[in-house]
1. From the helices alone, meaning DSSP H stretches of at least four residues, give me the mean residue ellipticity at 222 nm for the chain, per-run term -39500 (n - 2.57), in deg cm²/dmol to the nearest 500.
2. Using a probe radius of 1.4 Å on heavy atoms only, what accessible surface per residue do you get for segment 1-96? Whole Å² is fine.
3. Enumerate the calculated ³J(HN,Hα) couplings along segment 124-131 in order (Karplus 6.51 cos²θ - 1.76 cosθ + 1.60, θ = phi - 60°), each rounded to whole Hz, writing x wherever the residue is Gly or Pro.
4. Just the number: Rg to Rh for segment 102-221, Cα atoms, Kirkwood Rh, two decimals.
5. Using a Förster distance of 35 angstrom, determine the FRET efficiency expected from the C-beta separation of ALA94 and THR55, and round it to 0.05.
6. Can you pull the one-decimal nm distance between simple spin-label points at ASP22 and LEU114, each 7 Å off the Cα toward Cβ?
7. Give me the percent of the accessible area of the chain that comes from carbon and sulfur atoms, probe 1.4 Å, all protein chains in place.
8. Non-local amide H neighbours of ALA85 (under 5 Å, H modeled in plane, Pro and chain starts lacking H): which ones?
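The values are calculated or read from the model by the stated rules, or taken from the named source; none is laboratory data. Being a predicted model, the structure only gives us computed values, none of them experimental. In this analysis, Cβ positions are derived from the backbone assuming ideal geometry, glycine residues included, and neighbour counts consider all displayed protein chains. Keep in mind that these areas ignore ligands, DNA and RNA; they rest on the heavy atoms of the full protein, side chains included. Shrake-Rupley method; radii C 1.70, N 1.55, O 1.52, S 1.80 Å.
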Amino acid sequence: MRLILIRHGQTPSNIHGLLDTDAPGPGLTELGVAQAEAVPEALARQAVDGIFVSTLVRTHLTAAPLVRARGVEPVELDGFREVQAGDLEGTNTAQNQRTYIGTAFAWARGDRELAMPGGPTGVQFFARYDDAAARAAAAVGPEGTAVVFSHGAAIRCWSSARIRGLDVARMEDTPLANTGYVIAEGDPDSGWDLVEFHNAPAGGEALAVATPAGDPTGAQG
């Protein structure tokens with residue numbers, strides 16, 4: 001099957017560099033709406049057998065144009081939500097951003113017992129994201145394509161650990177743009193192989209924003 005993981009469109013919290021991971025979370029900015037509207041054209045050549053969103057409202061809003069274009073109702077799966085920030089929630093200091101993304105990528109490298117300060121361990125994160133990916137795979141079948149609207153840190157962490165062909169160091173150093181995406185093929189049992197890492201908005205660089213210098217998270221959330 002084919003798995004397409006898309007980061008949500010820009011939110012107000014992204015603009016301010018906030019670690020914003022609690023539900024229901026913010027909606028989209030005007031730019032975020034434009035980014036979402038560009039997704040159907042970007043995926044025009046892709047089959048869409050299932051659309052999946054997290055429990056955070058920004059993924060629902062980003063998926064909406066594709067839902068309208070393809071007539072496929074989205075399925076909400078909590079497992080696809082962002083890496084929860086714990087005690088770092090609502091902050092935007094450079095130190096907390098480094099702690100947040102550093103913890104997530106320690107998980108990707110195998111230190112799954114490590115906990116986000118006041119938050120989940122890597123064991124807990126991978127258990128719920130793996131489960132969500134398995135549910136999406138089961139829903140579309142072995143020949144299907146699942147389009148998942150998820151979150152920057154979660155996509156980067158999970159895909160760098162689970163998708164062959166993605167380098168953990170590169171993913172740690174490369175923030176995923178709003179509506180940037182990763183495409184993989186495979187299945188939960190045999191694993192996943194990289195098809196494409198598209199580290200720009202689905203609608204192209206015209207819909208991109210500059211990442212603040214020294215921000216290793218890309219204002220994720």
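1. On the way: 8 runs with 81 residues, N = 221.
After summing the helix terms and dividing by the residues of the chain, the value is -11000 deg cm²/dmol.
2. Here the per-residue accessible area is 41 Å².
3. In residue order, the calculated couplings are 5, 4, 5, 4, 7, 6, 4, 4 Hz.
4. Using only Cα positions, Rg/Rh for segment 102-221 is 0.96.
5. 0.80
6. 2.6 nm
7. Answer for the chain: carbon and sulfur cover 50 percent of the accessible area.
8. Correct list: THR21.
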